[in-house]
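Since the structure comes first, as structure tokens, the remarks are kept for the end.
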Amino acid sequence: MNTIISWLGQFGEALLQLVTQPFYYLAILFIVLQMTRQMRLERQMFAVKLHDWKALTIKAIFAGLVIGIAASIIGIWIGAALTASALLWLWGIAAVLLLIRVRYLCFAYSSGLIAILQWGFSFTPLAEREDWLGSVVKSLTEIEAASLLLLVALLHLAEALLVRWQGSNLSTPLFLEGKRGKLVGGYMLQGFWPVPLFLVVPAASGGLTLPWDPLFSLGSGHSNWTIIAFPVMIGFTELTRSMLPEQKAKAASNKLIIYSIIIVVLAIAAWQWTPVLPVAAAAAILLHEWMVWSSQRHENARSPLYVHDSRGLRILGIVPHTPAHTMGLLPGEIIVKVNGEKVYTKEQLYAALMINPAFCKLEVLNREGEMKFAQRARYAGEHHQLGVILAPDEQATYYAQESRNLSLLGMLKSARTANRRKIFTNHSDIE
């Protein structure tokens, strides 16, 4: 009974640490900023709201909490030697990197840099100095970098689960510039989750006695343990012109799982043999960059999916709670006929719908290329295009410019989220 009370007491103290730390709330504020920016983009491009930032923020907090608890259960077997200074170094470096690139808000980069800096300072006497510089370097060199890298692997495994779980639901349809300057449709998959971790770490004195030997305590002599709250941010961004959102999310999730396995192996090897540490740190950063590069390369090698062709009108997106949604229409499908009329432009679609204002019957090629039929009564006040967002045509007025290298300052300064495009009225003006 006393053991249970001790565990509950330690967990209560850790929970109090979490609610009093600013990092968790900063992560939530960043998510709100990203969500509202996404909503502005949707309204500007399509004049409709496809997502609700409040609902998405609540879902992100809930999903982060669930994954955080699951990751914490796994983490109690690690026994990471993390300290308050390690938390400050992680978030401090992440904040600096965020000013350079938003996508650098990932502990793969900050943990990798900590390990590389630690390895580099090991060849200097700076940690032995008695001034402020010596104390800063000493606090860095005392961090258990192998534990941080193992934590990075655990977080990316959690990210893989979150992307598989919610990635496609966080997708936003976009008009994008194609290879030849022509607009094509695409999707931005972007999600951020605040994840509270509760980790079992060595205690200087007092604390808990564990009935098992955590991984990083073997042979270290640690016998006393405590629980600390460790708020982290998990996020991913993918852009696709050639795949369905769920396909892109699955591909990203698979890469994250492979990345996690590699970093786990290297982190354990670095813990056992220190010379492996810089290799593991470099791998954490470079393999993360490789995932970004390989995704771009894969997109560039494939033909765009969301374009119209000789069969009809390609569906880019569906507005929630509209006739198109209730009829089961899906992104990637092609509208061939409306009320018996072939359609190749949005003007023809509107004219065909007016043939029978009270009812519509569609012939649609599904994602497998098979014909399906959808029909429904129409009512006053419903969306004039049934709630279908079509792939862009020559009259599209806005497109989104890729911003993989966007910094936090650039994001805050961005007054507009989409670029205005000249509308060509004469076909000879178009290349």
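Can you confirm whether Glu159 is within 16 Å of the chain's Cα centre (by Cα) and of a type in the set (Asp, Glu)?
The answer is yes for Glu159.
Each row is one residue, and each column tells you yes or no for (1) aliphatic (A, V, I, L, M); (2) at pLDDT below 90.
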| position | (1), (2) |
| --- | --- |
| Leu316 | yes, no |
| Asn339 | no, no |
| Lys342 | no, no |
| Glu368 | no, no |
| Asp393 | no, yes |
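Checking each residue in the range 25-77 for being of a type in the set (Asp, Glu) and touching a Leu at 6+ places or on another chain (Cβ under 9 Å) picks out only Glu42. In the range 27-37, the qualifying residues are those that are in contact with a helix residue (DSSP H, G or I) (Cβ under 8 Å, 6 or more places away or on another chain) and at pLDDT 85 or above, and the one that is surrounded by the fewest Cβ atoms within 10 Å (Cβ to Cβ) is Thr36. Regarding the range 96-119, can at least one residue be identified that is assigned by TED's automatic domain parsing to the domain that holds Met233, out of contact with any helix residue (DSSP H, G or I) (no Cβ under 8 Å at 6 or more places or on another chain) and at pLDDT 85 or above? Taking every residue of the range 96-119 in turn, at least one turns out to be assigned by TED's automatic domain parsing to the domain that holds Met233, out of contact with any helix residue (DSSP H, G or I) (no Cβ under 8 Å at 6 or more places or on another chain) and at pLDDT 85 or above.
Counting only residues that are among the β-branched types (Val, Ile, Thr) and within 22 Å of Val195 (Cβ to Cβ), which one in the range 236-275 is surrounded by the most Cβ atoms within 10 Å (Cβ to Cβ)? Among them, the one singled out is Ile263. Could you say whether any residue in the range 46-57 is modelled with pLDDT under 85 and in contact with a Pro (Cβ under 8 Å, 6 or more places away or on another chain)? Yes: the range 46-57 contains one or more residues that are modelled with pLDDT under 85 and in contact with a Pro (Cβ under 8 Å, 6 or more places away or on another chain). If you go through the range 287-322 and keep only what is loosely packed, with under 14 Cβ neighbours inside 10 Å and part of a loop (DSSP other than H, G, I, E, B), you end up with Arg302, Ser303, Ser310, Arg311, Pro320, His321.
Can you report the number of residues in the range 10-49 which are within 22 Å of the chain's Cα centre (by Cα) and not in a helix (DSSP H, G or I)? The qualifying residues number 1. Taking the range 274-293 as the range and being more than 15 Å from Ile114 (Cα to Cα) and among the hydrophobic types (A, V, I, L, M, F, W, C) as the test, the residues that pass are Leu287, Trp290, Met291, Val292, Trp293.
Would you mind finding the one in Leu174, Leu155, Leu140 that is modelled with pLDDT of 80 or more, assigned by TED's automatic domain parsing to the domain that holds Thr274, within 30 Å of Phe46 (Cβ to Cβ) and crowded, with 16+ Cβ neighbours inside 10 Å? Answer to the check: Leu174.
Scanning the range 323-368 for residues that are within 21 Å of Leu174 (Cα to Cα), among the hydrophobic types (A, V, I, L, M, F, W, C) and in a helix (DSSP H, G or I) returns Ala324, Leu349. For the range 179-206, how many residues are among the small types (Gly, Ala, Ser), modelled with pLDDT of 75 or more and surrounded by fewer than 23 Cβ atoms within 10 Å (Cβ to Cβ)? Total meeting the criteria: 0. Kindly establish whether Gly328 is touching a residue at least 40 places away in the same chain (Cβ under 8 Å), of a type outside the set (Lys, Arg) and surrounded by 15 or more Cβ atoms within 10 Å (Cβ to Cβ). Judged against the criteria, Gly328 is not a match. Whenever a residue of the range 111-131 is part of a helix (DSSP H, G or I), its partners that are basic (Lys, Arg) and surrounded by 10 or more Cβ atoms within 10 Å (Cβ to Cβ), lying with C-beta atoms within less than 7 angstrom and at least six residues away or across chains, give the pairs Ala127/Lys138.
The values are calculated or read from the model by the stated rules, or taken from the named source; none is laboratory data. Because the structure is a prediction, the values reported are computed rather than measured. FYI the Cβ positions are ideal-geometry reconstructions off the backbone, even for glycines, and counts take in every protein chain you see.
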